[in-house]
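The values are calculated or read from the model by the stated rules, or taken from the named source; none is laboratory data. Everything numeric here is computed off the predicted structure, so don't read it as measured data. Here the Cβ positions follow ideal geometry from the backbone for every residue, glycine too, while neighbour counts run over all protein chains shown.
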Amino acid sequence: MSNPPLQFWHLGVGALSMLVIGVCFWVTRLGLVRSMAVSAIRMCAQLLLLGLVLELLFEGRVWWWTVLFLLVMIVVATRESTQRLRRRLQGIANLVVPFVSLLAAALPYTALLVLVVFRPQPWHEPSILLPVFGMILGNVMNTVSLALNQFFQNLQSGRHIIEQRLALGHEIAEITRGFRVDAARTAMLPILNAMAVTGIVSLPGMMTGQILAGESPEQAVRYQILIWFGIASGAGAACLIALHMSLRAVTDSRGRPTRIFERPE
Amino acid sequence: MSADLKFSGCATPFAGPFSGVIRAGSNIGLTGPSGSGKSTLLKCFADLVEHQGSISLGGRQQTSTPAAEWRRMVRYLHADIVWWSHRVSDHFSAPGRLDPLLDDLGLESSILDSAADSLSTGESKRLGLLRALQDSPEVVLLDEPASNLDGDNQEKMLNFLTEYHRHRKCTMVVISHEPAWLQRLCHSTVTIQSLRSGS
């Protein structure tokens, strides 16, 4: 079975539904209309541009083009993961912590899936490498963002507890253990929920795409299970790394909190 | 037995520099207007704020002693007490041994079983003191220990601290805005006009 090619007016039908919702929000004064419009326009522009870039990458199959594109994805994810936090790290740590967490978590699991399972020829086949990396990176980015947001909020709301427990001779790692547990739970919850209901409440995008493209459901399910393990492992690793690094970044050599509380503009 | 607490060239972005020696076993009162830097000074001693200069206890330098170990020797008690576990007793390593001390401070032993968020300000204050003293620090730095206490409990606090200091022979520095109370508790009182930088 092959699907009919999409025309631009097909996309217009989708946009119309969004427009209707936007008008409803505007009439009921719920706000968010501007954010909805900006996000929708940005999404269209980015995906259309991505389509063009992917066409080039898929045709060229030059390894360093693919690697460069992966790097761009990580840099953008780094920026986005801290963009909407209520509180941020100060200075370069605000970029280093998410960058290292994303890189150290997303890259190994992508490499594992691509090189061990998919085994494309050549190894940098962009039509395999980029979608797999994108699926893992997108989820890992959300996890890092949620973990940091919750952890910094916990540090802020618990700053008096931290200082009083430090004064009693407690170690900062011990004092903040509860804060990190809470942050990890918040960060991992969306992925754990999604895994728990996948196949019952929701059909994952990759699996749906494969079935629509004519793949057998049984094979599509196997690929999806593999991807879920990659996403969950990557998210868990990123969460651990981000929380460990951010604790180091917000305390000085004597364990005193120093740089937690910069409020974003 | 405690040792001399020496400090030299101590300064934070907001206070100092200040230098001096607090003799082992002494009991000093610290008074002065709000915002003069008294709490900051004590927090420097307790290694709770980043500062320049050097602080030592006996022969041990603050910076070369592990932070947690230093803070177990030099204990700062905040003016406002906070609790992190649900039950009061969870904050004490040996709650069973506290009964006589609780009585000295006018508290029932059953208070240890109560929820921390149900404590009144005065109860919290007195229990916070016991929490700070439970592992017998060498230097005790108390920030307004009698504030928010009624007259009767201020008196109990005074007697408790006097007995504690006499019995343990620790070094004690106490901040208070009540000179009369402070003079009865401490051997000597220092009035600080301002430790703020540039003053």
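Considering the range A:167-189, and only residues there that are more than 10 Å from chain B (Cβ to nearest Cβ) and under 28 Å from B:PHE45 (Cβ atoms), the residue that is farthest from the chain's Cα centre (by Cα) turns out to be A:ALA173.
This table checks each residue for (1) of a type in the set (A, V, I, L, M); (2) outside the structural domain of A:ALA213 (by TED's automatic domain parsing).
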site: A:PRO5; (1), (2): no, yes
site: A:ILE41; (1), (2): yes, yes
site: A:ALA45; (1), (2): yes, yes
site: A:THR78; (1), (2): no, no
site: A:LEU95; (1), (2): yes, no
site: A:VAL117; (1), (2): yes, no
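Can you pull out every residue in the range A:150-191 that is more than 21 Å from B:TYR76 (Cβ to Cβ) and in contact with a Lys or Arg (Cβ under 9 Å, 6 or more places away or on another chain)? Step through it out loud before you land on a result.
Step one: of the range A:150-191, the residues more than 21 Å from B:TYR76 (Cβ to Cβ) are A:150-154, A:156-157, A:177-191.
A:GLN150, A:PHE151, A:PHE152, A:GLN153, A:ASN154, A:GLN156, listed by residue number.
Within the range A:146-171, residues that are on the phi > 0 side of the Ramachandran plot have Cβ atoms under 6 Å from residues that are buried (at least 20 other Cβ atoms within 10 Å of the Cβ) and modelled with pLDDT of 95 or more in these pairs: A:GLY169/B:ARG71, counting only partners at least 6 apart in sequence or on another chain.
Within the range A:67-81, can one find any residue that is within 30 Å of A:PRO217 (Cα to Cα) and among the charged types (D, E, K, R)? Scanning the range A:67-81, I find no residue that is within 30 Å of A:PRO217 (Cα to Cα) and among the charged types (D, E, K, R), so the answer is no.
Could you tell me whether the range A:72-90 includes any residue that is under 19 Å from A:TRP228 (Cα atoms), at pLDDT 90 or above, under 15 Å from the mean Cα position of the chain (by Cα) and aliphatic (A, V, I, L, M)?
The initial filter retains those residues of the range A:72-90 that are under 19 Å from A:TRP228 (Cα atoms), namely none.
No, there is no match, as no residue in the range A:72-90 is under 19 Å from A:TRP228 (Cα atoms), at pLDDT 90 or above, under 15 Å from the mean Cα position of the chain (by Cα) and aliphatic (A, V, I, L, M).
Scan the range A:111-118 and tell me whether some residue there is more than 14 Å from chain B (Cβ to nearest Cβ) and crowded, with 19+ Cβ neighbours inside 10 Å. Looking for residues that are more than 14 Å from chain B (Cβ to nearest Cβ) and crowded, with 19+ Cβ neighbours inside 10 Å, one finds at least one in the range A:111-118, hence yes. Exactly one residue among A:ALA93, A:ALA77 is closer than 12 Å to A:ALA238 by Cβ and in contact (Cβ under 8 Å) with a residue 60 or more places away in the chain, and that residue is A:ALA77. In the range B:1-55, counting only strands (runs of 3 or more DSSP E) that sit wholly within it, the ones holding 3 or more residues that are out of contact with any Cys (no Cβ under 8 Å at 6 or more places or on another chain) and away from every other protein chain (no Cβ under 14 Å) span B:5-11, B:18-22. Of all the criteria given as (1) under 20 Å from the mean Cα position of the chain (by Cα); (2) assigned by TED's automatic domain parsing to the domain that holds A:PHE8, the one not satisfied by A:LEU52 is (1).
A:PRO122 meets all of the listed conditions (1) within 30 Å of B:MET73 (Cβ to Cβ); (2) not β-branched (Val, Ile, Thr); (3) not in a helix (DSSP H, G or I) but one, namely (1).
All conditions in (1) of a type outside the set (Lys, Arg); (2) surrounded by 13 or more Cβ atoms within 10 Å (Cβ to Cβ); (3) modelled with pLDDT under 80; (4) more than 30 Å from B:ARG71 (Cα to Cα) hold for A:GLN210, with the sole exception of (3).
Residue-wise test of (1) away from chain B (no Cβ under 14 Å); (2) of a type in the set (A, V, I, L, M, F, W, C); (3) under 25 Å from A:ARG42 (Cβ atoms); (4) in a helix (DSSP H, G or I).
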{"site": "A:LEU103", "(1), (2), (3), (4)": "yes, yes, yes, yes"}
{"site": "A:PRO108", "(1), (2), (3), (4)": "yes, no, no, yes"}
{"site": "A:GLY134", "(1), (2), (3), (4)": "yes, no, yes, yes"}
{"site": "A:PHE151", "(1), (2), (3), (4)": "yes, yes, no, yes"}
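I'd like to check something: does the range B:70-89 contain any residue that is part of a helix (DSSP H, G or I) and touching a Gly at 6+ places or on another chain (Cβ under 6 Å)? Scanning the range B:70-89, I find at least one residue that is part of a helix (DSSP H, G or I) and touching a Gly at 6+ places or on another chain (Cβ under 6 Å), so the answer is yes.
Table: residues versus (1) within 22 Å of A:VAL140 (Cβ to Cβ); (2) surrounded by 20 or more Cβ atoms within 10 Å (Cβ to Cβ); (3) assigned by TED's automatic domain parsing to the domain that holds A:VAL117; (4) in contact with a Leu (Cβ under 6 Å, 6 or more places away or on another chain).
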| residue | (1), (2), (3), (4) |
| --- | --- |
| A:THR186 | yes, no, yes, yes |
| A:ILE200 | no, no, yes, no |
| A:GLN219 | no, no, yes, no |
| A:ILE225 | yes, no, yes, no |
| A:ILE231 | yes, yes, yes, no |
| A:THR258 | no, no, no, no |
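Out of B:SER194, B:SER188, report the one residue that is under 22 Å from B:GLY20 (Cβ atoms), surrounded by fewer than 16 Cβ atoms within 10 Å (Cβ to Cβ) and modelled with pLDDT under 90.
On the way: B:SER188 fails: modelled with pLDDT under 90.
Just one listed residue meets the conditions, B:SER194.
Residues that are farther than 18 Å from A:VAL144 by Cβ and free of Cβ contacts under 8 Å to residues at least 60 places away in the same chain within the range A:222-237 comprise A:ARG222, A:TYR223, A:GLN224, A:ILE225, A:TRP228, A:PHE229, listed in sequence order. Number of residues in the range B:56-106 that are within 14 Å of another protein chain (Cβ to nearest Cβ) and without any contact (Cβ under 8 Å) to a residue 40 or more places away in the chain equals 17. Could you tell me whether the range A:240-255 includes any residue that is modelled with pLDDT under 85 and on the phi > 0 side of the Ramachandran plot? Among the residues of the range A:240-255, not one is modelled with pLDDT under 85 and on the phi > 0 side of the Ramachandran plot, which makes the answer no.
Inspect all residues belonging to the range A:52-66 and state whether any of them is free of Cβ contacts under 8 Å to residues at least 40 places away in the same chain, of a type outside the set (Val, Ile, Thr) and within 30 Å of A:ALA147 (Cβ to Cβ). The answer is no; no qualifying residue exists.
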